[in-house]
Amino acid sequence: QNPVLGVKNIAAFFGISLTEEELQGVVERSSFDSMKKSSEETHGAFGSALFRKGGVSDWKNLFSEEQNKEMDKAFEEYLRGTKLGTKLKYEVYCKA
């Protein structure tokens, strides 16, 4: 949610000091728009499929109702109540 702070925290974790210019460069190059632009170069022919807008209820453009029910069942079985499930905010972003 705060890219500058995220990059600073990662750099601090690895003991790397960044100038303000380097920090801004990393933030810019790791933005969604920047990664999407270079997706085919960095991820090959399927790169453009990896970087898409997403959004609440966007699954309806990709999955059938039945497929979505299977995903919900798998989430309930494997992720509900876990730290990862909480971080994903599944109830907010993924539930129909």
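The values are calculated or read from the model by the stated rules, or taken from the named source; none is laboratory data. No experiment lies behind these values; they were computed from the predicted model shown. Cβ atoms come from the backbone with ideal geometry, glycine included; neighbour counts cover every protein chain shown. Protein only, heavy atoms only, side chains kept; ligands, DNA and RNA dropped before computing areas. Shrake-Rupley method; radii C 1.70, N 1.55, O 1.52, S 1.80 Å.
Packing, as the average of other Cβ atoms within 10 Å across residues, places the peptides 12-22, 65-75 in the order 65-75, 12-22, highest first.
For the chain, a simple Cβ point-charge model (Lys and Arg +1, Asp and Glu -1, everything else neutral) yields a dipole of about 260 debye relative to the Cα centre.
Probe of 1.4 angstrom, ligands and nucleic acids ignored: what's the accessible area per residue over the chain, in square angstrom?
Numbers: 7990 Å² over 96 residues.
About 83 Å² of surface per residue is accessible.
Straight-line reach from LYS53: taking Cα to Cα under 16 Å and skipping same-chain neighbours fewer than 8 places apart, the lysines in range are LYS36, LYS37.
Principal axis extents of the Cα atoms in the chain, from largest to smallest and rounded to whole angstrom, are 50, 34, 19. The C-alpha atoms of the chain define a longest principal axis, and helix 65-78 lies at about 70 degrees to it.
In the chain, the longest principal axis of the Cα atoms and the axis of helix 3-13 are about 70 degrees apart. Among PHE14, LEU62, LEU88, flag the residue with its Cα farthest along the positive direction of the charge dipole of the chain, charges on Cβ as +1 for Lys/Arg and -1 for Asp/Glu. Going by the charge dipole, the pick is LEU88. For the range 3-50, the alpha carbon convex hull comes to 83 Å³ per residue, rounded to a whole number.
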